[in-house]
Every structure is written in C-alpha cells, then in structure tokens.
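The values are calculated or read from the model by the stated rules, or taken from the named source; none is laboratory data. Quick caveat: nothing in here was measured; it's all calculated off a predicted structure. Note: ideal-geometry Cβ built from the backbone for every residue, glycine included; neighbour counts use all protein chains shown. These area figures cover heavy atoms from the full protein model, side chains too; ligands, DNA and RNA do not enter into them. Shrake-Rupley method; radii C 1.70, N 1.55, O 1.52, S 1.80 Å.
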Amino acid sequence: MALGNQGPVELYGAEMGVTPRWMVALSLCIGFGLIFFLGMVGGVMKAAQGDIVHLSAATFYALLTLHGAGMIATVVVLTAVAHWHFLRRLLNLRVEVLVFSVLAIVWGLLAAAAAILVGGFGPGWTFLYPLPFIGNTWPVWSTGLFFFGVLFVGIGFAIFCIDLLASIIREYGILNGLALDTIFPGLRRADGKVAPPTVIAATMVAIDGLLTAAAGTVLVIALLAHWAMPAFPVDPLWIKNLTYFFGHTIANLTIYLSAGVIYAVLPHYTGRPWHTNKIYAISWTTSLLFVPWAWPHHLYMDFVQAPWLQIFGEASTYIATIPAAVVTIFGALLLVYRSDMRWRIGSTFFMAGLLGWLVGGVAAMIDATIPFNDVLHNTLWVPAHFHTYLLGGVFLFVIGFASYFAGDDAPTPPWAKVFEWLFFIGMIGFLAMFYAGGIEGVPRREAVQPAPGPLLAMIGTVFAGVLLVGMTGLLIEIFRRGRRNGASRESDAT
Amino acid sequence: MTAIERRWPILVGLAVALIVFDPLLTGPVSPPLLVHHIEHSLILLLAGLLGIAYARSHPRRYGDPTALLGVILLASLSVLLMLPDIYSGVDAYPILHALLHLGFALTGYFGGYLAERYSPRAGTVWTMLVVMMGVITASGFGSPPPHL
C-alpha cells in the first residue's frame, strides 16, 4: 500500500463556532500564562537551592516535577499551534481537530498539576520506575492521576500528528511531503507542486510524533496497570527505555515544530522566499529517521543496556541533530544576508533563537558523547543544555511567533527594547549559572546542592528575576499590539 | 480492479478467522508471553487491512473528527487487551480465548476502517502504528526483568 498523494477529496466542513485566529490567540494566552506560572515555580526552586527561601525536600521535588512536566506540555502546545497557523491553509487543516488536541493536552496538564499540587507527587517529570510507586510522601491516587494526565498529553499530541499526517498525505503524499521528488523526479506531481520547507518539517514531526505517542501510550498503560495491580510485572530497563523514547523525542520535536515556523516567518521579515531543494529533503529525511533513535544517550550509565544500543544512540544523536539544524541556521543566514531585514521583536527573537538552538544543540551533543558523559552525567550541564534549546531556542521562537501574530509591522518602541535587553541579559546569566554548575560537577535534581551550587543558584535566581521582568514587559507589549491589530485582521479570521 | 485486488480481502479474512478460532481447535494453551503478544499483533494487522479494504470500497466524506477519536481509543484498547492478566484468565478456556482474539480482530478492523474513513491512507498508518505498539509490548509489557 503506497502512501501516495490522493488528490482532491471531499471533507467534512468546519462545524464549530471557533475561528482559527481566535483558537491560536487563545492557545497563546493559555500557553504564556502557564509559562509565566511555571517560570515562577522554577525561580522559587532556584531561590531554594540558593538558600534565599526555604522549601521542604518534598515540596521541592513536587515543584521540580510540575516545572518539568508542565513546561514540556506547554511548549508542545505553543509550538504545535504556531506551526499549525501556517500549515492550515497549505494543508486544509480543520480548527476543530486543533481544539480537541489542545483540550486533551491542557486537560492532561491540569490532571498532572492536581496530582502534584494537591497530592504532592514528586518523582520528577521523567517519573522513572520504581520511584512513582515507592515514594512515601504522596498518596497512591496522585500517582494514577499523574499518569492519566501524561496519557492525555500523549493523546492530544497524537490527535495533532494524525490530522497533520493525514492532511499531508492528501495534499502531497508522504514522500513528496518530505520533498523527495526533488531527488527522484519520478515522484514529481503532474502540477509540479513541491512541498515548501514548512510542510517538510511538518511531515517529519507528524511521523516521529506518532511513533512517540504510540510508544508513550504503551508505556503509560503499563505504568497504570502496575499502579492498579501492583502484581503486574514491570521490567525497569524496558520502562526506562520507553520513558526516554517518549520523553526525549517529544521534547526534541518542539524544536522541529519551531523550525517549521521559522521557514514561514523569516521570509515575511526579509522579503525573500525560502525555497525547497534537495539538501532540505535529504537533511529532514535524515532527521526523520534518526531522531527516534537518539534516546539511548540518556542510558549510558545503565550497565545492563546492550552496548550496541549505546553506540547507536550516540551516533544517532549526531546524525539526527546536525542536518536539520545546519540547513535551517545556514538557510536563515543566507536569507538575511544583504536583505532588507526589518528588525522587530519577532525577527530579533527568531534570530536569537537560532543561536540558542545552536548553542543548546552543541551542548547536548557534548553531553551525548560517551567520554564527556562519564564526567557530565547528572550534573547541571544537563539542565544547562536543555534550558538553552528550550528557553534560549524554542521559547524565543514562540515569542517571535506571538509578536508576528500580534502584528509586527511597527518598529519596536524604546521601552519595549529595554525589556528585550532585560530578557536577554536575564536569560544568558541564568543559563550561564547552569553551565558553570555543570563544569563544577554540581549534581542536578537535588534540593540541597554541594558548593558552589548554592552560590551559583543565588546568582541564577537574580538573573531569573531579571528574565521574568523582561518577559512580562515583552508579553504586555505583544498583547497590547495584538488587541490593537486584532480588529483590522478580522478578514483573516475564517 | 484486478482479480488479486478482489480476492486478497477474502484470503485475509480467512486467515483472521483461522487465528481467531484457533483456540477452539487447539484447546487450552498458554504460549510464551512474547509469542502471545506477537500473535495478537498479527490479528490486529490482518483485521486492520480488512477494515481499510472495506472503507476504500465504500468511499464517503473524509475528515469526520469523531472517527479520529475512535481511532485513538481503539489504539489504546489494543494495548489494554494485551494485559497478561487477561491472557492468564482466558487461556484455560478455549471459548474465552477465541473471544479475546475476536476482540483484537474487531479492534483492528474498526481501527483500520475509521482511520481510513478519516483520511485516505490513514488506515495504513494506524495499522502500522498499532503493530509497532504490539511489537513494543512483546519486548516487555507485563514481563519481569529477565533474571527474576
């Protein structure tokens, strides 16, 4: 059964009273609200590690779980919605499916938050077996509720990916969705239409996202079965592999969702189109094939893991990361070079986000290299790298998108530039403290750290405060602009 | 439509029937868990193909969101049915064992059908994913660590 393009098909029409623009705006508001709240939680944890405030160990680990699980789910929503905004017209996507998807993820997030805030569930967002079942500071019901929440997050992401992949198959076919027709002319459509780069990124995300959601479903059902029937046997190594297959890949896919947004937005600021070519097809197909195999780099310390899987995991990390990142960053630089780039909040954040992707990606590859991992494993280097590509990469792209979405044609006012600077100074200082801790061998996921952890955490708290002030100011400016421009964009609403 | 295209659903249907009612022929059996999971994945695969074939022979409007919800629920159900406690409960009773197989067949059939109704070729994607989930379960779902 070839997964080829099917040509035009008759579709159910939109039957909900929700306009796409309204749905995107609502999702952005919910997402940024959650980011702000979860960022505050992160700041409180940093302050506790820096001895500025006191938290009990149980409260610290519950907050750590909330911050990690909540941020990942929120970033999935924000990047998915941003990419969907551009794919809607290209792929004839329907808003009601996005509503189902976002509702499922937000519902899952609320369930997990209730398990954590009410029940005190706190084994960390990676919920590694057997910790969720032997913790003596949280009730049994909170474990089950948390896993139901994770199940719904996976279901919401699966709904998004299924609809995306189905639409890509209808409009292009899977192979042409990856632009493989630029390499194999025999695949070329009669009308000569080639998938734009944003669709190529969507094809990769939809396929790998479905693999991730499928593995996540098996994982969570196994954990729920063990929760409901403690006699249900569980192999810890199997669970750990599935946990990282699911957790690492879903977090990783947010950067690829963001890349799809960059392909659509940067041409708006530079006035130049972003074309598809063979290099994009090869790079994204490579990432498609290897991103799902990068997870074993989390298990280097597991002596029972098969050695070939460790080596393959290391190689896959390199092969998965480099092609898409290089073509996107290099392509963006070529697009900007000698263009009449309009520097606004949106374009500034997109270009800064590319730098964050690069730095975070290199830091990740260093950590995934076995001799380095022997030294850096479970130190603050790990949160350093993922905060760099999530906070310094993905989140910058999301702010850039929000600014574009709200209307980014007017120059940035001076007072907003002050908040821009505060944001970047706060972010860089905050991330630098993580890296310094990693180099000093300070362990991660610890409520109480050895020296120089507390000192670095204290400085990091100050930078986190500056970052939050900058973010608040920027979001107020973006929100103000969105309200002002909203009425004039009603034509885009349907 | 060629003769092969007309006849393969019949052959696949016969294969599904054979596997579903196999416990009635072989009596009480309790195969190793890995083999059992793979056997059930095979039922999901073949029944999924039947569902796809039926959906393609009755083209209607695509994109019904309720079909999408059904697809998600059936994928989750396919894993729930693989709980080893269910296996141990039915293995000694051939009729119950055959009914469990029928449950897998119906899950695969309706999953493939609904996915294909949602979008052309989505049935194929759904069936491949459910088989992948079956293979993952075979690698450790309900199994203790090897040394225990």
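Of note:
- A residue that is surrounded by fewer than 24 Cβ atoms within 10 Å (Cβ to Cβ), within 11 Å of chain B (Cβ to nearest Cβ) and in a helix (DSSP H, G or I) can be found somewhere in segment A:145-159.
- Members of segment A:203-233 found to be under 16 Å from A:T143 (Cα atoms) and in contact with a His (Cβ under 9 Å, 6 or more places away or on another chain), listed by number: A:F232
- Residues (among the hydroxyl-bearing types (S, T, Y), assigned to a helix (DSSP H, G or I) and closer than 13 Å to A:T369 by Cβ) located in segment A:282-330: A:S316, A:T317, A:Y318, A:T321
- Taking the conditions (1) within 16 Å of the chain's Cα centre (by Cα); (2) at the interface with chain A (Cβ under 9 Å from one of its Cβ atoms) in turn, B:Y113 satisfies each one other than (2).
- Matching option when the condition is in contact (Cβ under 8 Å) with a residue 60 or more places away in the chain and more than 25 Å from A:A222 (Cα to Cα), among B:Y113, B:Y109, B:Y54, B:Y62: B:Y113
- Within the set A:M45, A:M1, the sole residue that is of a type outside the set (G, A, S), at pLDDT 95 or above and over 21 Å from A:S403 (Cβ atoms) turns out to be A:M45.
- Check on A:I169, closer than 23 Å to A:A251 by Cα and either open to solvent by less than 10 Å² (accessible area, probe 1.4 Å) or under 25 Å from the mean Cα position of the chain (by Cα) (or both): no
- All positions within segment A:226-251 that are of a type outside the set (F, W, Y), within 11 Å of chain B (Cβ to nearest Cβ) and open to solvent by 10 Å² or more (accessible area, probe 1.4 Å): A:H226, A:A228, A:M229, A:A231, A:P233, A:V234, A:D235, A:P236, A:L237, A:K240, A:N241, A:L242
- Those residues of segment B:131-148 which are more than 8 Å from every other protein chain (Cβ to nearest Cβ) and touching a residue at least 40 places away in the same chain (Cβ under 8 Å), in sequence order: B:V131, B:G134, B:V135, B:A138
- A residue that is crowded, with 16+ Cβ neighbours inside 10 Å, more than 8 Å from every other protein chain (Cβ to nearest Cβ) and free of Cβ contacts under 8 Å to residues at least 12 places away in the same chain occurs somewhere in segment B:87-100.
- Residues that are within 21 Å of A:M229 (Cα to Cα) and in a helix (DSSP H, G or I), drawn from segment B:135-148: B:I136, B:T137, B:A138
- Sole residue being more than 20 Å from B:A138 (Cα to Cα) and either assigned to a helix (DSSP H, G or I) or modelled with pLDDT under 95 (or both), chosen from A:I250, A:I221: A:I250
- Of the residues in segment A:41-61, at least one is part of a helix (DSSP H, G or I), closer than 29 Å to A:L299 by Cα and open to solvent by less than 10 Å² (accessible area, probe 1.4 Å).
- Residue among A:F121, A:F36 that alone is open to solvent by 10 Å² or more (accessible area, probe 1.4 Å) and on the phi < 0 side of the Ramachandran plot: A:F36
- Residue within segment B:102-123 that is under 30 Å from A:Q305 (Cβ atoms), part of a helix (DSSP H, G or I) and open to solvent by 30 Å² or more (accessible area, probe 1.4 Å) present: no
- Residue match in segment B:71-79 (condition: open to solvent by less than 40 Å² (accessible area, probe 1.4 Å), out of contact with any strand residue (DSSP E or B) (no Cβ under 8 Å at 6 or more places or on another chain) and away from chain A (no Cβ under 14 Å)): no
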